[in-house]
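The values are calculated or read from the model by the stated rules, or taken from the named source; none is laboratory data. Treat the numbers as computed from the prediction; the structure is a model and nothing was measured. Neighbour counts are summed over all protein chains in view; Cβ atoms, including those assigned to glycine, are modelled from backbone coordinates with ideal geometry. When the accessible area is computed, the model is the full protein with side chains, heavy atoms only, and any ligands, DNA or RNA have been set aside. Shrake-Rupley method; radii C 1.70, N 1.55, O 1.52, S 1.80 Å.
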Amino acid sequence: MKQRQTNYVGPFLAMVFLFLVVGFLTTVNSQLQGPLQSAFLSQAEGLKNTLATLITFSWFLAYPLCGGIGSRWINRHGYKGTLVRGLIVMVAGLILYFLSAAYTVACPSSAVTIGSYAIPVGFFILLAGSFVLGSSATILQVVINPYLTACHVEGTQPIQRLAIGGSANSVGTTLAPYFVSGIVFSGLALEDVKVEQLRLPFLVLTLVIVVVLFVVMRLTLPDIEGTRTTEGERLEKSVWSFSHLTLGVVAIFFYVGCEVCIGANINLYAREDLALDVKTITLMATLYWGLMLVGRLCGSALSRIPPRVQLTFTTVMASLMLIAAIIFNQPWLLVAVGLFHSIMWGAIFTLSVAHLGKYTSVASGVFMIGVVGGAILPLVQGALADMGGWRWSWLLVLAGELLMLLYAQVGSRVRQRADESTL
């Protein structure tokens with residue numbers, strides 16, 4: 001009853017905005033693959049896809065390594081203290097982005113030799129920045145996801161609030177491709193991209209996040225009882241003892257991997273295998289993320305449909321689209337998958353943390369481990385594309401969709417609750 005009397009509307013809107021920031025920066029990072037392949041990796045022809053996907057790999061590698069840090073910070077410093085620390089880490093990552101461009105311009109001959117290829121040192125500074133930014137996104141999401149799930153806003157259900165947050169996330173991801181192609185690189189063809197064009201946009205982004213940091217520091221962010229341990233309290237069980245959470249981590253591994261494979265690698269596929277122009281490629285990426293926005297806006301009105309049903313329907317439809325895209329070698333069908341990817345995150349997260357009580361904040365950190373799929377699957381797909389082209393590499397994404405369908409039907413069943421040993 002006490003929790004219901006707390007006004008969470010303001011904090012809810014703050015979390016929604018931060019979800020937009022996370023989505024925007026995540027997609028900016030992945031959209032840099034194509035341009036930076038031209039700017040940094042023009043001399044690494046035999047490894048260009050593998051190295052380019054390392055940009056996304058570095059970002060998502062942070063999730064399994066830093067999810068636990070976010071959970072510990074929540075238990076030690078609370079939700080607001082963790083948000084502030086996460087935004088400080090975000091500023092540090094953007095500074096590294098700026099330094100990668102500045103160093104490359106100042107020292108153009110500085111390079112690391114891999115086999116017969118010379119890779120600019122600035123590329124590795126950018127990879128470090130990508131990892132640090134991914135760390136900040138991880139920490140923010142460890143706060144945002146359980147907060148949206150647990151904070152009570154009259155007239156909403158947990159999956160609705162996650163869908164609304166996901167919609168804001170999709171606004172950021174939809175804007176990001178045009179930010180990269182239209183603002184950072186001014187609509188240039190990929191072969192004309194220059195590293196020096198990165199400096200000013202990344203400096204501006206850094207200043208914007210600094211402003212966001214100071215605003216968050218002044219926010220009143222009520223804690224939510226029953227979602228984290230109190231000081232000195234020990235959990236009686238391992239969070240891994242809840243099978244629906246453990247298998248949810250596996251499901252989110254494949255969800256994020258599949259989402260990022262399409263969102264990041266469709267650019268490389270359309271450019272290399274189909275020789276499409278930069279405007280068409282940018283439109284594809286924007287429509288993919290835009291369809292995710294449309295799906296999440298629609299999903300926020302589907303509170304009466306159980307998350308298990310939502311996940312089953314969307315994985316089946318995504319699988320059918322992928323099969324058709326592979327058969328017809330048609331990237332526009334991959335774009336359409338965005339509509340069905342839109343509500344998978346909220347459905348999987350809601351199913352994974354069901355009946356976890358005070359284990360919820362720890363579970364949110366554990367859940368972030370699965371996001372490493374966004375690092376591994378695109379990298380594996382890039383290596384497969386280097387070996388045999390992009391078309392058949394989409395079978396990897398199809399396999400991920402089918403495994404998520406299996407989670408919806410079997411793995412998400414709750415066999416143990418936080419307050420009892422078995423069901």
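The table below gives the values:
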quantity	calculated
Of V204, V195, V132, the one that fluctuates the most in a GNM where the chain has Cα springs shorter than 10 Å	V204
Protein-only accessible surface order, largest first, of R304, R218, R76 at 1.4 Å	R304, R218, R76
Within a Gaussian network of the chain (alpha carbon springs, distance under 10 Å), most fluctuating of G338, G388, G365	G388
Dipole axis of the chain (+1 Lys, Arg; -1 Asp, Glu on Cβ), positive-most option in T53, W240, C107	W240
Cα-projected label distance for A118 with I95, points at 7 Å along beta-carbon direction, nm	3.1
Order by protection proxy (mean Cβ within 10 Å, highest first), peptides 269-281, 58-70	58-70, 269-281
Inter-label distance for M387 and S109, nm, one decimal - labels placed 7 Å from Cα along Cα-to-Cβ	3.9
Cα-based Rg and Dmax for segment 282-331, where Dmax is the largest Cα-Cα distance (Å)	13.1, 37
Residues of type lysines that K237 reaches as a straight line, Cα spacing below 29 Å, ignoring anything fewer than 8 places off in the same chain	K2, K80, K358
1.4 Å probe accessible area per residue over segment 276-423, in Å²	39
Under the span-like rule (Cα at least 15 Å along the axis, Kyte-Doolittle mean at least -0.5), DSSP H helices of the chain	9-31, 48-106, 121-150, 158-178, 199-217, 243-272, 278-299, 307-328, 331-341, 373-388, 395-406
For segment 116-187 and segment 360-404, distance of Cα centres in Å	17
Cα extents of segment 288-423 along the three principal axes, largest first (Å)	51, 32, 23
Residues of segment 45-122: accessible area per residue with a 1.4 Å probe, Å²	39
Approximate spin-label separation T220-V316, in nm, with each point projected 7 Å along Cα-to-Cβ	4.8
Charge dipole magnitude, Cβ of K and R +1, D and E -1 - the chain, Cα centre, debye nearest 20	1000
Cα shape, segment 59-106, gyration tensor, a/c 1.5 rule	oblate
Accessible area, probe 1.4 Å, largest first, for residues E154, E401, E259, E196	E154, E196, E259, E401
Straight-distance crosslink candidates among lysines, where the alpha carbon sits under 29 Å from K48 and sequence neighbours closer than 8 are dropped	K194, K279
Highest-fluctuation residue, T27, T220, T312 considered, GNM on the chain with Cα pairs under 10 Å	T220
Anisotropy class of segment 320-389 from Cα gyration tensor, a/c 1.5 cut	oblate
Protein accessible area in the chain, 1.4 Å probe - carbon and sulfur %	66
Given charges at Cβ of Lys, Arg, Asp, Glu: segment 267-408 dipole, positive-most of T280, L293, L384	L293
Calculated FRET efficiency for the pair L276/Q409, C-beta based, R₀ 56 Å, to 0.05	0.90
Segment 239-299 shape via C-alpha gyration tensor axes, a/c threshold 1.5	oblate
